[in-house]
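Some notes on the structure that comes next.
The values are calculated or read from the model by the stated rules, or taken from the named source; none is laboratory data. Model, not experiment: these values are computed from the prediction. Reconstructed Cβ throughout: ideal geometry from the backbone, glycine too, with neighbour counts over all protein chains shown. Areas reflect the complete protein model, heavy atoms only, side chains present, ligands, DNA and RNA absent. Shrake-Rupley method; radii C 1.70, N 1.55, O 1.52, S 1.80 Å.
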Amino acid sequence: MILYVFKFAACSALLLLLYGVVLEKEKMLKFNRFYLIFSLVFSALVPLFSFELTMSDAERIATVIERTQNVYPVREEIAAPVAATITAQEKIEINHLIWGIYGLVSLGLLFRFSKNIGLLWHQIRSNNKVKKEQLHFVLVPQLTVTYSFGRYVFVNQDDFEKNKIEPEILLHEQAHIQQRHSWDVVFMEVFLVVAWWNPVLWIYRKAMRLNHEFLADDWVIHQIQSVSSYQYLLLNKVCQSNGIVLTSSFNYLITKKRLKMMHKITSLPKKYALQGAVALLCTSLIAVFGEVSFAQQTPPNTLKSPKSAASATEEGVSAELIKEYQQLMNKHIKKGIGKDGREWSTIHQPTETDRARMEVIFRAMSKEQQLEQELAMNPPLKPFPRITPTEKEFESYKNPQVYGVWIDNKKVPNSALNNYKASDFSQVFISKLYKNAQATIGYKYKYQLDLMTTAHYEKHRAEWLADKRYRLGPNFEKFRKENEAKKK
């Protein structure tokens, strides 16, 4: 039993170390979610693996076994005299004490988990519930940060009724619900009840929740037009807390990591390389922490030494293609000097011929070559989700002091909404105008409202999904690298 505990703790710690040092910093969020759950289950089961290898198989992993024996030697000369001094009765008493402590702590954690579930269930049963679009809202009278668990979104009743809850926050919680992050939370809490003695599991729980925030943020920024406004919104929520352990909450350090991850880009080859490395590591850990035995008979050695071969393939593209890309890029950048003396630049989307050529060259570049470019060819984003306003919301949009209205990308007076009904629209996007923006329009309204009629939305969605072209835009990865270098 002691050997199992040691192997489980050591294996889970090694896999968590890999995650914290490498994987968490890369934008491969769905894989990371799978990795965190898999690594826990794998670490718990791998000490139970038992298999026999032939000598030819053993030769392939001899180095791994040898290192394992050096790191975890069997100290019989120490264990034997200690065991001799412990009587059978004492062993039974020690075992009872250990299992008693284990049971008490597990019961305490189970009680805490049940209590948190009970608090959530109490809020669901004791407060009003409203279904709006695809979301089930629980209206809580107390002032609270919006959060979700299961299929429910818990919101402040007054803010909900006055439409004060930002749409980006609701999109964020919708992502948590649709991606079923609560299942991971429950799995982790149950795992802790059983294996609380493994200290790294508490770090796993934090890593899992942070990954959930990364996933939800990534889903939101694919739905909205302004990433910066969403980032400002997150910063405004940092100091608020909902006080329930099982639900997502804002934290300064977590929010800082979330803001960094929004601009992170991990190339497809790098993702494949890291995933392959994880598979190889797990295979090696089976040999390290599993019960391995070897056949006594040695089969004929049919292995041949591999021939070494130097690769002559050059990464990236030639200097001529880099020059061609930059010439095409400069054709579509307009620069000038403003009245305040500051330099400005505007990106004009290239012609289809130039765009296609730039996409081919950029995607063939190495990672280093891509980082050297002022502008990048960025992959297409996902289309906007289908959103239909409620009748109550639709009526509130008619207030010109609150909303400036666009229908199908055209600015219209609020009175134009009298010619429509709520069900005529399939997409709604509301963005808050901050003081600088309000000053520009003369403080006429507080929110910009973009509506799409159903016909326009269907056309927009079909065109968006059919368009697989990369677009010329800012090189966010280059900016991120430069900012990191300045901080150092």
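Just name the residue that is farthest from Leu233 (Cα to Cα) out of those in the range 423-442 that are over 28 Å from the mean Cα position of the chain (by Cα) and charged (D, E, K, R).
Applying the filter and picking the extreme gives Asp424.
Scan the range 210-255 for residues that are among the hydrophobic types (A, V, I, L, M, F, W, C) and at pLDDT below 75 and report the count.
Here is the first cut: in the range 210-255, the ones among the hydrophobic types (A, V, I, L, M, F, W, C) are 210, 214-216, 219-221, 224, 227, 233-235, 238-239, 244-246, 250, 253-254.
In the following step, the residues that additionally are at pLDDT below 75 were identified as 235, 238-239, 244-246, 250, 253.
The number of residues fulfilling the criteria is 8.
Would you mind stating whether Lys27 is at pLDDT below 85, of a type in the set (D, E, K, R), more than 17 Å from Thr283 (Cβ to Cβ) and surrounded by 10 or more Cβ atoms within 10 Å (Cβ to Cβ)?
Numbers: at pLDDT below 85: no; of a type in the set (D, E, K, R): yes; more than 17 Å from Thr283 (Cβ to Cβ): yes; surrounded by 10 or more Cβ atoms within 10 Å (Cβ to Cβ): yes.
Spelling it out, it is not the case that Lys27 is at pLDDT below 85, of a type in the set (D, E, K, R), more than 17 Å from Thr283 (Cβ to Cβ) and surrounded by 10 or more Cβ atoms within 10 Å (Cβ to Cβ).
Would you please list the contacts, defined by Cβ atoms under 8 Å and residues six or more apart or on different chains, that run from a residue in the range 366-385 that is closer than 30 Å to Thr453 by Cα to a residue that is among the charged types (D, E, K, R) and surrounded by 15 or more Cβ atoms within 10 Å (Cβ to Cβ)?
Listed by first residue and then by second, the contacts come to Asn378/Arg471; Pro380/Arg471; Pro383/Arg461; Phe384/Arg461.
Do you know which residues across the range 197-222 are open to solvent by 10 Å² or more (accessible area, probe 1.4 Å) and over 20 Å from Phe34 (Cα atoms)?
Trp197, Pro199, Ile221, His222
Only one residue in Pro47, Pro73 is touching a helix residue (DSSP H, G or I) at 6+ places or on another chain (Cβ under 6 Å) and either at pLDDT below 85 or within 30 Å of Leu210 (Cβ to Cβ) (or both), so which one is that?
On the way: Pro73 fails: touching a helix residue (DSSP H, G or I) at 6+ places or on another chain (Cβ under 6 Å).
Testing whether each residue is touching a helix residue (DSSP H, G or I) at 6+ places or on another chain (Cβ under 6 Å) and either at pLDDT below 85 or within 30 Å of Leu210 (Cβ to Cβ) (or both) leaves just Pro47.
Out of the range 182-196, which residues are over 26 Å from His172 (Cβ atoms) and either surrounded by 15 or more Cβ atoms within 10 Å (Cβ to Cβ) or at pLDDT 90 or above (or both)?
Taking the range 182-196 as the starting set, the residues that turn out to be over 26 Å from His172 (Cβ atoms) are 193-196.
Matches in the range 182-196: Val193, Ala195, Trp196.
Mind checking which residues of the range 104-131 are within 23 Å of Lys392 (Cα to Cα) and surrounded by 15 or more Cβ atoms within 10 Å (Cβ to Cβ)?
Start the filter on the range 104-131 by keeping residues that are within 23 Å of Lys392 (Cα to Cα), which leaves 127-131.
Correct list: Asn127, Val130.
Within the range 400-407, does at least one residue satisfy the condition of being open to solvent by less than 30 Å² (accessible area, probe 1.4 Å), under 25 Å from the mean Cα position of the chain (by Cα) and among the aliphatic types (A, V, I, L, M)? Can you show your working first?
So the first thing to find is which residues in the range 400-407 are open to solvent by less than 30 Å² (accessible area, probe 1.4 Å), and the list is 403-405, 407.
Then drop every residue that is not under 25 Å from the mean Cα position of the chain (by Cα), which leaves none.
No, that holds for no residue.
Can you give me the number of residues within the range 324-382 that are crowded, with 16+ Cβ neighbours inside 10 Å, more than 21 Å from Lys270 (Cβ to Cβ) and touching a strand residue (DSSP E or B) at 6+ places or on another chain (Cβ under 8 Å)?
So the answer is 6.
Kindly establish whether Thr390 is among the hydroxyl-bearing types (Ser, Thr, Tyr) and without any contact (Cβ under 8 Å) to a residue 60 or more places away in the chain. Lay out the reasoning, then the answer.
On the way: among the hydroxyl-bearing types (Ser, Thr, Tyr): yes; without any contact (Cβ under 8 Å) to a residue 60 or more places away in the chain: no.
Judged against the criteria, Thr390 is not a match.
Given the condition open to solvent by less than 80 Å² (accessible area, probe 1.4 Å), among the aliphatic types (A, V, I, L, M) and touching a helix residue (DSSP H, G or I) at 6+ places or on another chain (Cβ under 8 Å), answer yes or no: does some residue in the range 459-468 qualify?
For the range 459-468, residues open to solvent by less than 80 Å² (accessible area, probe 1.4 Å), among the aliphatic types (A, V, I, L, M) and touching a helix residue (DSSP H, G or I) at 6+ places or on another chain (Cβ under 8 Å): absent.
Please work out which residue is most open to solvent (accessible area, probe 1.4 Å), limiting yourself to the range 138-164 and to residues that are assigned to a loop (DSSP other than H, G, I, E, B) and over 21 Å from Ala175 (Cβ atoms). It would help to see each step written out before you state the result.
To start, the set of residues in the range 138-164 that are assigned to a loop (DSSP other than H, G, I, E, B) comprises 141-146, 150-151, 162-164.
Next, from what is left, pick out any that are over 21 Å from Ala175 (Cβ atoms): 141-143, 162.
Details: Pro141: 80, Gln142: 116, Leu143: 151, Lys162: 118 Å².
The residue in question is Leu143.
I'd like the full set of residues that are outside any loop (DSSP other than H, G, I, E, B) and either at positive phi or of a type in the set (D, E, K, R) (or both), limited to the range 23-43.
Within the range 23-43, the first condition is being outside any loop (DSSP other than H, G, I, E, B), and the residues that meet it are 23-25, 29-43.
Selection gives Glu24, Lys25, Lys30, Arg33.
Does Thr440 meet the test of being under 27 Å from Gln231 (Cα atoms) and in a loop (DSSP other than H, G, I, E, B)? First the steps, then the outcome.
Numbers: under 27 Å from Gln231 (Cα atoms): yes; in a loop (DSSP other than H, G, I, E, B): no.
In short, no.
Would you tally the residues in the range 267-280 being among the hydrophobic types (A, V, I, L, M, F, W, C) and open to solvent by 60 Å² or more (accessible area, probe 1.4 Å)? Steps first, please.
Of the residues in the range 267-280, the ones among the hydrophobic types (A, V, I, L, M, F, W, C) are 268, 273-274, 277-280.
Subsequent filtering for residues that are open to solvent by 60 Å² or more (accessible area, probe 1.4 Å) retains 268, 273, 280.
Qualifying residue count, the range 267-280: 3.
Looking only at the range 410-431, filter to residues that are of a type in the set (Phe, Trp, Tyr) and in contact with a Ser or Thr (Cβ under 9 Å, 6 or more places away or on another chain); which one of those is least open to solvent (accessible area, probe 1.4 Å)? Lay out the reasoning, then the answer.
So in the range 410-431, the residues of a type in the set (Phe, Trp, Tyr) come out as 420, 425, 429.
Subsequent filtering for residues that are in contact with a Ser or Thr (Cβ under 9 Å, 6 or more places away or on another chain) retains 420, 425.
Values: Tyr420: 84, Phe425: 0 Å².
For the range 410-431, the residue satisfying everything is Phe425.
What pairs come up if the first residue lies in the range 254-266 and is farther than 17 Å from Ser229 by Cβ and open to solvent by less than 60 Å² (accessible area, probe 1.4 Å), the second is of a type in the set (A, V, I, L, M) and assigned to a loop (DSSP other than H, G, I, E, B), and their beta carbons are under 6 Å apart, counting only those six or more places apart or on different chains?
Thr266/Met28
So Glu59 ticks every box in (1) part of a helix (DSSP H, G or I); (2) open to solvent by less than 80 Å² (accessible area, probe 1.4 Å); (3) modelled with pLDDT under 70 but one. Which box is left unticked?
All conditions pass for Glu59, except number (2).
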